[in-house]
Every structure is written in C-alpha cells, then in structure tokens.
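Structure, as structure tokens:
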Amino acid sequence: MGMIYEKLFRPVLFRQDSERAHEHGVDAMALLAKLAPLRRALELYSRLAAGRFRPVQVFGLEFPNRIGLAAGFDKNARAWPAAAAMGFGHVEIGTVTALAQDGNLKPRMFRYPAEEAVINRMGFNNEGSAAVAARLAGQPGRGARTIPLGVNLGKSKVADIDRATEDYLASFARLADFADYLVLNVSSPNTPGLRQLQDESRLRELLGAITAANRARSLRVPVLLKIAPDLTWPQVDAVLGVIDEFRLDGVIATNTTLARPGIFAAVNEAGGLSGAPVRRRSTQLVSYISKKTEGKLPIIGVGGITDVIGAAEKLDAGAALVQVYTGMIYRGPFFAAELAHGVSARDAR
C-alpha cells in the first residue's frame, strides 16, 4: 500500500498547501472512523497475528504493537477512533490547550520532500480542552477502545508563563477522565516561552501540581513529559531529576527541533523541524535517557522514523514504544501497519 500511496496519492496531495492536505487527511480518517464495517475490516487486516506476537505492557497499559500516532495530527479528537484500522498500536491527540486558539498566522507548515522533512509553526491551534472533552464524551471510553488513547496537553498562548500551571491544571481536570495516559508538552518551539517550563524550578512547580491533582483522583492516570531535542545534557539530567522526584510514568523524546542541520541552514522559515533530519538527535536522547535511568523509565521515541530500520533503531536505543507523524506524510496512511509488522517480526526472531 505504501508504494501505491507514493506513486498515486502523494503527488496529488503534495500539489496542495501542506496544511490543507493535512486537513484532508484528518477528514478522511474521521470519515473512516464513522464507517464501522470498513473500519473493523481494516483493523482485522492491520492487526498482528494473535499468538505469534505478544502485546506490549508499558506504564500499566497494554499496547497491541509498538507504533503510535504522535500528537499534532488529530488535534481535536475528530479522527482517532480510526487509528487502529491504520495499524497503530496507540494514538495521541492534541496538543490541547485550556483555551481555544487559532494558532499562528498562515502559512505555517512547509514540506521538504527531498529531505523527508517538515517545518511547522502551527502554534497549538485547537478547539480548547472543554470542546475536546465534550467530543471525547461521545466516543469510545476506557475499556471500549481497541488501542490506548493519549491526550497531549499544552499551555494556552495567552496564559502568562507564571500562570502556566493553572492553565495545565484546567485541561487536566477536563480531560483526565478520558485519557489512558496524559502528556505534558513543555517542548513545542511554537508557543512563546513554553520551553521555559523545562527549566528545573518551573518544571518542579508544574509536575508537583499535576501529580498532586492526579493522586486526588479515584483512578490515577499515567502522566508523561514530552521534551525537546535541543536540551543540553546537563538540562536533560535536571529534567530527569524532576521526573524521578515526582515519579512520572514516562518521557517522550523528542519534539521538533529549532536546529537547522545541513541544507536547512539556508532555509528562512521559523518553527520546529521534524522528519528525517531529527532522527539521529532524537535517538541520541532516547539512548542517553535509557542509560541514565538504567532502563527503568519508559520512553516513547519520536523523530525521523521513515522505515522499519528507523523504528528499530529507537527501540534498540531503549524506547519501549515509538511514534510517527511526518513519516506518515511521506509514506502514507498505512505506514504504521508496515512498521508494526516489520518491528514485530524482528522482535520475534
């Protein structure tokens, strides 16, 4: 299916504006979610053979395979129920903010096909956590899902950095009941000041408040932190110290990068770079975190996965799960199924 997409469909989509093509993709996935017979048939087609491959147990959840859809694709929880039909073993929606916001000015998403890369400065455009919670209330809940659902939380642009914790807590309160796991996104480069939340003191305040709210719940939800690839090693060490202090369930490494390697040094577009150019750095962080925590902290590896080798590289470096998004833009909607089968066959050897 990947070859058909690359030969027939990708050229058509790539003649469109990047964000418009993205919206068409979300619309198509949302339509598939509503077509129950077709969706179930595709789930059976994409599913790994029972008995041959074992589900993966991570932070108390069961994942049918190691491949997930990263946050950024389905920002408003419109399409995620179709993710299993496309071969994903989990899906992460968002980033969702407490307040609805339009995001940054358009155009704000740019493809670089020769490098299999994307630069985006979307700016957390989403309908807000109240609207997303209302939509999730009408969708399959815990225990009725084929795959785990993660919800990625970010800071509203208008919220001052000193009120960021309050902003995250509002979204946490609205969305925790619907999530199999929650992610605190403190690493997008497209919301002013957001990455300051990776500083040790601010991070301690945020994680302290979220974990306290989580303990007060009747059913605790796993909480992960998503970090940037641009942190120095001492900064990573400080973040890991705070994660350990508050006993977070895992880390997602990594978000997009502000670095401009190779040909991108001459590209005059602000925003986060994703895709193949991020592969090496994100894998380095996965490996570093795994070694620093002696493999005890579950890691979801993200960044530059364009084939089975790239997914296996992150798993070998210490990731328990991986996620893709930009790779799907270049490889097609059933890229996850190809990765899942390839990685699982490799694991079974």
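The values are calculated or read from the model by the stated rules, or taken from the named source; none is laboratory data. Everything quoted here is computed from the prediction, not taken from an experiment. Using ideal geometry, Cβ is built from the backbone for each residue, glycine included, and neighbour counts are taken over all protein chains shown.
Looking only at the range 5-20, how many residues end up being free of Cβ contacts under 8 Å to residues at least 40 places away in the same chain, part of a helix (DSSP H, G or I) and not basic (Lys, Arg)?
So the answer is 4.
Limited to the range 115-171, what total is found for residues that are among the small types (Gly, Ala, Ser) and under 25 Å from GLY304 (Cβ atoms)?
So the answer is 4.
From the residues in the range 250-278 that are part of a loop (DSSP other than H, G, I, E, B) and without any contact (Cβ under 8 Å) to a residue 60 or more places away in the chain, which one is surrounded by the fewest Cβ atoms within 10 Å (Cβ to Cβ)?
Going through the qualifying residues, I end up with ASN268.
Could we say that ARG247 is exposed (fewer than 14 other Cβ atoms within 10 Å of the Cβ) and in a loop (DSSP other than H, G, I, E, B) here?
yes
Which condition from (1) crowded, with 24+ Cβ neighbours inside 10 Å; (2) touching a Ser or Thr at 6+ places or on another chain (Cβ under 7 Å); (3) of a type outside the set (A, V, I, L, M); (4) closer than 30 Å to GLY208 by Cβ is the one that GLY327 breaks?
Answer for GLY327: the failing condition is (4).
Quick check on the range 205-214. Is at least one of its residues more than 29 Å from ALA117 (Cβ to Cβ), out of contact with any Leu (no Cβ under 8 Å at 6 or more places or on another chain) and acidic (Asp, Glu)?
Scanning the range 205-214 turns up at least one residue that is more than 29 Å from ALA117 (Cβ to Cβ), out of contact with any Leu (no Cβ under 8 Å at 6 or more places or on another chain) and acidic (Asp, Glu).
Which of the residues belonging to the range 275-301 are on the phi > 0 side of the Ramachandran plot and either at pLDDT below 95 or in contact with a helix residue (DSSP H, G or I) (Cβ under 8 Å, 6 or more places away or on another chain) (or both)?
GLY275
Go through the residues of the range 281-299 one by one and say whether even a single one is more than 18 Å from GLY89 (Cβ to Cβ), of a type in the set (Asp, Glu) and either part of a helix (DSSP H, G or I) or in contact with a strand residue (DSSP E or B) (Cβ under 9 Å, 6 or more places away or on another chain) (or both).
No - not one qualifying residue is present in the range 281-299.
Yes or no, residue by residue, for (1) free of Cβ contacts under 8 Å to residues at least 12 places away in the same chain; (2) in contact with a Lys or Arg (Cβ under 9 Å, 6 or more places away or on another chain); (3) small (Gly, Ala, Ser); (4) not in a loop (DSSP other than H, G, I, E, B):
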| residue | (1), (2), (3), (4) |
| --- | --- |
| THR95 | no, yes, no, yes |
| ARG111 | no, no, no, yes |
| ILE119 | no, yes, no, yes |
| GLY143 | yes, no, yes, no |
